[in-house]
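The values are calculated or read from the model by the stated rules, or taken from the named source; none is laboratory data. Predicted model only: the values in this text are computed from it and were never measured. Neighbour counts run over all protein chains shown; Cβ positions are idealised from the backbone, glycine included. Ligands, DNA and RNA are excluded from the accessible area calculation, which covers all protein heavy atoms including side chains. Shrake-Rupley method; radii C 1.70, N 1.55, O 1.52, S 1.80 Å.
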Amino acid sequence: MLPAMSTEDRRRREREAREALFIERAHERIREDGLLGLQMSKLAADCEYATGTLYQHFESREDLLAAVAARTTRERAGRFRAIPELALGTRSRMLAIVLTDIDFAAQNPDYYRLTQYLVTEVVWANVSVPRREALLEAGRPISEAVHAVVAEARERGDLPPAREISEEEMGLGPWALNVGMQSLANAQGLLDAYDIHRPYDHLIRHFHALMTGWRWEPRLDPDEPAVVRAETDRVRAALRAAGIGEQ
């Protein structure tokens, strides 16, 4: 016979199930009504709980949004775990990291809008420390993948020896490029006003310019569109073969 569940275990499981329900319904409301349309009282009523019960789980609306983002971040981060082991050169694996994030953004546009909103100064300041830490922890596999690829590149001589910049700091460049382009692409009509189209093609070219500036071998000229496309296609094929990329 299975041991009887203690009262404490039952309450913990009930609390976890209730919190998962709040997060799932909040995510649905964001997809249907937009980020700013999410209201705590309406969400609680939709889940058939009192608003006070919702606030027992989340100190604020910002905490709830961070929890929604953390759940999707865990799904996103899971795609990066296998990238350091791909049968590609280290520079190509860095491109694989960028392409994986581009694909996830295309499949989950509401997630990127949510994370952009969360990290604005006024919103991030209102997210509690535990919820911030949970969100950052959810994304750890991404930083670990970047660290592993950069460290291997240095060990193999694909990158010059380390000076004053760490593996994590080198990952900041591609991260900033990606976050910046996501922000511009999500601002409807902004890039069109400057007659700039296909933003992710530009992101990949800027990525290669950055890699070449770091003297990451084998070097690739970002001003050769055919070469850039061929490398993108090759890396995407490796991602698909590993079950990571678009099918």
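Brief remarks follow.
- Computed over the stretch 9-57, the ratio Rg/Rh where both radii use C-alpha atoms and Rh is Kirkwood: 1.01
- Using 0.36 nm per residue and subtracting the Cα-Cα separation, the extra length available between Glu24 and Ala187 on full extension is 56.1 nm.
- Rounded to the nearest 10 Å², the accessible area of His57 at probe 1.4 Å: 10
- Computed from the Kirkwood radius of its Cα pairs, the Stokes-Einstein diffusion coefficient for the chain at 4 °C and 1.567 mPa s stands at 64 µm²/s.
- Peptides ranked, highest mean first, by Cβ atoms within 10 Å: ranges 214-227, 71-84: 71-84, 214-227
- Label separation (Ala82 vs Arg198): 2.9 nm, computed from points 7 Å beyond Cα along the C-beta direction.
- Against the chain, whose longest principal axis comes from its Cα atoms, helix 109-118 is set at around 80 degrees.
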